[in-house]
Amino acid sequence: YDTNEDYQIVYEYTRKHQIPFFFKKVESYQGGNFQDEARNIRYDFFCEVGKKYNTNKVVVAHHQDDVIETMMLSMLYEGRFHTFSPVTYLEKSEITIIRPLIYVGESEVIGFMNKYDLPVVKSLCPADGITKREYVHQLIRTLNQENPGVKNRMFTAIEDSNIDGWCSGNIANY
């Protein structure tokens, strides 16, 4: 699918606000799990940019709903209680990934985007809306409607778990 619209919107916004902008166009897809491959390409690119600018920290925008959805995906399809942590050190590239928005819900992120009129482009991915992640997203929404607060309890279970990287104050140290 075409990313020209994404590129143009982000480029214009960053130029207008004098924010450094880095872009990598990927011409081919190797097959297998597209989401895994895209994530690996993205993180490799983050590492390239980080090294170019002599930093070993990268901040990404995963939010609380992403954490919960990843945990549910892991439970349903891998049979384990796991999700990504607030801070992840990538040993291979010597880069630390920091996720400061994991304590912020998706609805709050959307509210912020609306309040400050931030540009958003609807995903052009042919699989958008029909993935296992979207299924889990809808499942959690339904569970939370039928059992108010269940999403918060799921997040508390993650915080209280022994998943690597989930300890009190973890993100505050960065």
Flagged in region 89-109 as of a type in the set (Ser, Thr, Tyr) and surrounded by fewer than 17 Cβ atoms within 10 Å (Cβ to Cβ), in numbering order, are Tyr89, Thr96, Tyr103, Ser107
Could you grab the pairs with beta carbons closer than 9 Å, sequence gap of 6+ or different chains, first residue in region 33-59 and under 16 Å from Phe21 (Cα atoms) and free of Cβ contacts under 8 Å to residues at least 60 places away in the same chain, second one among the small types (Gly, Ala, Ser) and part of a helix (DSSP H, G or I)?
Val58/Gly50
Would you pick out the residues in region 73-97 that are in contact with a helix residue (DSSP H, G or I) (Cβ under 7 Å, 6 or more places away or on another chain) and closer than 26 Å to Phe112 by Cα?
Thr83, Phe84, Pro86, Val87
Looking only at helices (runs of 4 or more DSSP H) that fall completely inside region 1-107, which ones have 3 or more residues that are out of contact with any strand residue (DSSP E or B) (no Cβ under 6 Å at 6 or more places or on another chain) and closer than 18 Å to Arg153 by Cα?
64-78
Please identify the pairs in which a residue from region 67-78 that is among the basic types (Lys, Arg) has its Cβ atom under 7 Å from the Cβ atom of a residue that is part of a helix (DSSP H, G or I), counting only partners at least 6 apart or on another chain.
none
Answer yes or no as to whether Ile95 is on the phi < 0 side of the Ramachandran plot and within 14 Å of the chain's Cα centre (by Cα).
no
Single unsatisfied condition, Tyr13 versus (1) of a type outside the set (A, V, I, L, M, F, W, C); (2) farther than 22 Å from Arg133 by Cβ; (3) free of Cβ contacts under 8 Å to residues at least 40 places away in the same chain:
(3)
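Taken together, the values in this text are just the output of simple stated rules run on the coordinates, not laboratory data. Owing to the predicted nature of the structure, the values given are computational and were not obtained by experimental measurement. Because the Cβ atoms are built from the backbone with ideal geometry, glycine has one as well, and the counts that use them run over all protein chains shown.
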